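Colleague: Handing you a structure now.
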Amino acid sequence: MPATSSYKSFLMYKPSGSSDYEKLVDIKSYPDLGGAPELLETTTLSDKMRTNILGIQANENMDFTCNYTKEDYAKIQALEGAEQDLAVWFGGTESGGEVTPTGSEGKFSFKGNVSVYANGAEVNAVRDMTVTAAASTPITFTT
């Protein structure tokens, strides 16, 4: 199977009372969707080399960079303080210049809380904001 591009990657959420995901905001970057598990040492005094087994998988805060708009900022800020159904979807369709998320290349879903802040800027730059998601459940992958 050929490699795929990051084009058509989406931050999704389920609005309150809905059973369907919709795009939360257009993103410019997304974080690692998981992390390396901790190593648990199993070495005994009979071993000539340290031995390990895999422990719990690490998962840090997930930061998504987005273009700042007043409307998107307010939308995300209104979600703060309540657990959300969140997902990152890879893949979509394009018709008439409109891109629609499908998750055809994979869906990474989890529950979590979001927060948002405006990023610093400099001369001749686009205003950015960062959406931070803190997962409260494991991230699950579906096709």
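The values are calculated or read from the model by the stated rules, or taken from the named source; none is laboratory data. Just so you know, these numbers come straight off a predicted model, no measurement behind them. Don't worry about glycine lacking a Cβ; one is built from the backbone with ideal geometry, like all the others, and counts go over all protein chains shown. For accessibility, only protein heavy atoms count, side chains too; no ligands or nucleic acids. Shrake-Rupley method; radii C 1.70, N 1.55, O 1.52, S 1.80 Å.
Colleague: Once you have the Cα-Cα distance between Ile56 and Lys28, take 0.36 nm times their residue separation minus that, and quote the gain in nm to one decimal. Write down the numbers at each step before the final one.
Modeller: Values: separation 28, 0.36 × 28 = 10.08 nm, distance 2.95 nm.
Length gained, Ile56 through Lys28: 7.1 nm.
Colleague: Okay, moving on. Between Thr102 and Leu39, what is 0.36 nm times their sequence separation minus the Cα-Cα distance? Round to one decimal in nm.
Modeller: Numbers: separation 63, 0.36 × 63 = 22.68 nm, distance 3.60 nm.
Fully extending the segment from Thr102 to Leu39 adds 19.1 nm.
Colleague: Rank by packing, highest mean first: peptides 3-13, 17-27, with packing defined as the count of other Cβ atoms within 10 Å averaged across residues. Don't skip to the answer; put the middle values down first.
Modeller: Values: 3-13: 15.5, 17-27: 13.6.
The packing order, highest mean first, is 3-13, 17-27.
Colleague: Now for a separate question. Given contacts defined as C-alpha pairs under 8 Å and at least six residues apart, what's the relative contact order of the chain, whole-number percent? Please list the in-between numbers first.
Modeller: Working: 293 pairs, mean separation 33.9, N = 143.
Here the relative contact order equals 24 percent.
Colleague: Next question. So which trypsin sites (Lys or Arg not before Pro) in segment 59-143 end up in coil per DSSP with only 15 or fewer other C-beta atoms within 10 Å?
Modeller: On the way: sites: Lys70, Lys75, Lys107, Lys111, Arg127; in loops: Arg127.
Loop-located and lightly packed - Arg127.
Colleague: Same structure, new question: Taking the Cα of Glu83, stepping 7 Å toward and past its beta carbon, and measuring to each backbone N in segment 104-143: which are under 17 Å?
Modeller: 109-115, 133-140
Colleague: Amide H neighbours of Gly35 under 5 Å, counting only residues 5+ apart in sequence or on other chains, H built in-plane at 1.01 Å?
Modeller: Ala58
Colleague: So, with a 1.4 angstrom probe, what is the percent of accessible area on segment 29-91 that is carbon and sulfur?
Modeller: On the way: 2250 of 4370 Å².
On segment 29-91, the fraction of accessible area on carbon and sulfur atoms equals 52 percent.
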